[in-house]
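Notes follow the structure.
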Amino acid sequence: MKNYETIHVQIEQNVAWLTLCREPVNVLNIDMMNEIVDALENLLAHEEPHALVIRSNQKVFSAGVSIEDHIGEKAEQMIHVFHKMFHLLAKIPCPTIAVVEGAAIGGGCEIASFCDISVATEKAKFGQPEINLGLFPPVSVAIFPWLMGFNKTMELLLTGKTISAAKAKEYGLINEVVSDDELANYLEELLDSFRSKSRIALSYTRMAIREAMANTFAQTISKVEQIYLTDLMKTNDAQEGLISFLEKREPVWKHS
């Protein structure tokens, strides 16, 4: 596989491993997301592995998308490459697994929850704090109702609170919570389960399940993206939320 600056990709024992490694907390800037897109496109062209594992070698899974890349002309470029990651993740023919140690916040939470199976350690945390910046997370708007239902989606996205791994499992956001000591064994058992099965059967089963939400997701994310870029991002409050974060001060909302 290719060499990248912010991620590492390798294939071992019929499993593709995509490791997020942008110090210190895997903030997803445009360059990093372009590398993830490139890696996923290469995996699509590769002989199909039995699974794709997305993990981190930093102290958190990901602290989310770069605030700087939300501002000005970068915003549209950022949202398009961000959403392209999810379109590609949906097309990957093998099962996708997120391994979350530490926090998965914002865009990091969206990546983790979008994977077919998400496993977290006990100290992991999940959250979509975008509302605190005067924004909303487009991918979560599109997929969280599928995962958690209407009420839990509203609760998380309107409060912007961060929840524990145990609560994330209770809500249906992730599949499993294990201790640090159990993680390696749990993951290996899961991967062995996939390795023991027909790769083509895994692919078509995943395709069939994803197809149930594929058209809805594609249509929804397109509409949500327009609300995000055309409506919300042009408001004073959205810009104030981003700028106040960078200036490390409390936002002063026009519509408080």
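The values are calculated or read from the model by the stated rules, or taken from the named source; none is laboratory data. This is a predicted model, so every value here is computed, not measured. Every residue, glycine as well, gets a Cβ built from its backbone with ideal geometry; the counts of neighbours run over all protein chains shown.
Tabulated values for the structure
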read-out	value
Residue that is nearest to the chain's Cα centre (by Cα), among those in region 112-140 that are without any contact (Cβ under 8 Å) to a residue 60 or more places away in the chain and more than 27 Å from S179 (Cβ to Cβ)	S140
Candidate set: region 41-95, residues that are hydroxyl-bearing (S, T, Y) and either crowded, with 21+ Cβ neighbours inside 10 Å or touching a Phe, Trp or Tyr at 6+ places or on another chain (Cβ under 8 Å) (or both); chosen: the one farthest from S244 (Cα to Cα)	S56
Residues that are of a type outside the set (A, V, I, L, M, F, W, C) and in contact (Cβ under 8 Å) with a residue 60 or more places away in the chain, drawn from region 87-101	H87, P93, P95, E101
Counted residues, region 130-161 - those being of a type outside the set (A, V, I, L, M), within 18 Å of I111 (Cβ to Cβ) and buried (at least 19 other Cβ atoms within 10 Å of the Cβ)	6
Helices (runs of 4 or more DSSP H) lying entirely in region 141-256 (those with 3 or more residues that are within 18 Å of the chain's Cα centre (by Cα))	150-159, 165-171, 199-226
D116 under 24 Å from E130 (Cα atoms) and touching a Pro at 6+ places or on another chain (Cβ under 6 Å)	yes
Only one of G106, G102, G64 that is small (G, A, S), within 30 Å of E155 (Cβ to Cβ) and touching a Cys at 6+ places or on another chain (Cβ under 9 Å)	G64
Which numbered condition S196 misses (of (1) at pLDDT below 95; (2) surrounded by fewer than 16 Cβ atoms within 10 Å (Cβ to Cβ); (3) in contact with a strand residue (DSSP E or B) (Cβ under 9 Å, 6 or more places away or on another chain))	(3)
Near pairs, Cβ below 8 angstrom, 6+ apart or cross-chain, from region 1-17 (touching a residue at least 40 places away in the same chain (Cβ under 8 Å) and closer than 15 Å to V99 by Cβ) to any residue that is part of a strand (DSSP E or B) and of a type in the set (F, W, Y)	H8/W17
Residue in region 107-124 that is farther than 26 Å from S193 by Cα, modelled with pLDDT of 95 or more, touching a strand residue (DSSP E or B) at 6+ places or on another chain (Cβ under 6 Å) and surrounded by fewer than 24 Cβ atoms within 10 Å (Cβ to Cβ) present	no
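Listed here are the residues, each with its yes/no results for (1) closer than 27 Å to I92 by Cα; (2) without any contact (Cβ under 8 Å) to a residue 12 or more places away in the chain.
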{"residue": "D180", "(1), (2)": "no, no"}
{"residue": "L190", "(1), (2)": "yes, no"}
{"residue": "S196", "(1), (2)": "yes, yes"}
{"residue": "E247", "(1), (2)": "no, yes"}
